[in-house]
Amino acid sequence: MTSFDSYNAKTTSISFPWPGSITGLERIALSAQGDLQRVLSAFFARPIVVSLVYSHTFTQDSPTGPLAPLTLPNHPAIVSASPDSPIVQTRQVHLQCNGKIVCTATSRVRITSPECAELFLEEKYAIGQMFRRLEKVPAFHLLSVGIGEVDGSPTHHPDEKYPSSKRLFRLGGENENEQQIWRKYKLVIPDFECEILEVFPSREMFEHGEIWLTDSHLSKEKRRSRSPESDMDLLDLAVRTSRIQQNLILVIGLGFLLILAFEVSRFMTGAGLHGL
């Protein structure tokens, strides 16, 4: 599947065979063209932080040559990057908001100029920041979109093997993974090409926004603060409350009986006086 993004003097159109249940907000995020961090920051009204999980860097002595591991820092190799001697990096990052992972991005990046290599490998610009720093709009190709399991992976370490054609990125429990959404796409500017798989951990993120972002932190804090002692205190409080309620009902019942006996006594006394 490929996206079709077209425009003319007065019209812009994005056409793609989206999964049937994808919502409008989800389509906005899935259509981001190198500016997902900005889109998510606007959605949550909070900063988005890029946290590196891993990276593996390689060089090639020709465009089709085998990949040779490159240990960084290595300035001579970086300034030697060219179309005939590219640098390739596979990497995974977490996009985090309020300390919570909102996206896991796994990428394969191909670099063919010293300028791009220095910015990306030495100055540590993330992929999205590279396009803003270079002031270039990347060509965008949306390859596929899905819900739940990820169909394979476009980006991985050359030595990494996948046991099947489908791989589920486990970002949480099994039920949560069933509701994750993902996309595969390419971003290309001169001398800097990226093939990316992005996985969003839960569709509830787009449905509930701020509530989703903060709720799990509150739940974790509550679970963390719970202890056997606190549970016993709660049980003791419940027992005492129940006893108080029972005693109150008993007192009210006795009071009602006393009032009833008094009224009956008055009635009987009055009847006796009239009989005399």
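Report, by residue number, each residue of the range 33-65 that is within 30 Å of Ser82 (Cβ to Cβ) and assigned to a loop (DSSP other than H, G, I, E, B). Working first, answer last.
Restricting attention to the range 33-65, the residues satisfying the condition of being within 30 Å of Ser82 (Cβ to Cβ) are 33-37, 50, 52-65.
Those that are within 30 Å of Ser82 (Cβ to Cβ) and assigned to a loop (DSSP other than H, G, I, E, B): Gln33, Gly34, Asp35, Gln60, Asp61, Ser62, Pro63, Thr64, Gly65.
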Positions within the range 20-38 being closer than 24 Å to Glu195 by Cα and either crowded, with 17+ Cβ neighbours inside 10 Å or polar (S, T, N, Q) (or both), in sequence order: Ile22, Glu26, Ala29, Leu30, Ser31, Ala32, Gln33, Gly34, Leu36, Gln37
Condition check for Leu95: surrounded by 15 or more Cβ atoms within 10 Å (Cβ to Cβ), over 30 Å from Gly209 (Cα atoms) and either among the aliphatic types (A, V, I, L, M) or outside the structural domain of Gln179 (by TED's automatic domain parsing) (or both): no
Test: residue in the range 200-209 that is modelled with pLDDT of 90 or more, of a type in the set (S, T, N, Q), surrounded by 10 or more Cβ atoms within 10 Å (Cβ to Cβ) and under 30 Å from Thr106 (Cα atoms): yes
Residue among Pro83, Pro17 that is within 29 Å of Leu119 (Cα to Cα), surrounded by fewer than 13 Cβ atoms within 10 Å (Cβ to Cβ) and assigned by TED's automatic domain parsing to the domain that holds Leu121: Pro83
Leading residue by the ranking (nearest to Cys103 (Cα to Cα)) among those in the range 1-44 that are in contact (Cβ under 8 Å) with a residue 12 or more places away in the chain and small (Gly, Ala, Ser): Ala29
Pick from the range 55-80, criterion surrounded by fewer than 12 Cβ atoms within 10 Å (Cβ to Cβ) and closer than 28 Å to Val150 by Cβ, ranking: modelled with the lowest pLDDT: Thr64
Some residue of the range 60-71 being closer than 19 Å to Ile48 by Cβ and assigned by TED's automatic domain parsing to the domain that holds Asp191: no
Residue list for the range 73-94, filter: closer than 25 Å to Gly128 by Cβ, assigned to a strand (DSSP E or B) and of a type in the set (Gly, Ala, Ser): Ser82
Of all residues making up the range 54-70, the number that are in contact (Cβ under 8 Å) with a residue 12 or more places away in the chain, β-branched (Val, Ile, Thr) and farther than 18 Å from Glu115 by Cα: 0
Unique residue being at pLDDT 95 or above and aromatic (Phe, Trp, Tyr) when the list is Phe43, Phe4, Phe16: Phe43
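The values are calculated or read from the model by the stated rules, or taken from the named source; none is laboratory data. Given the structure is predicted, the values throughout are model-derived calculations rather than measurements. Quick reminder, even Gly has a Cβ in these numbers, built from the backbone with ideal geometry, and neighbours come from all protein chains shown.
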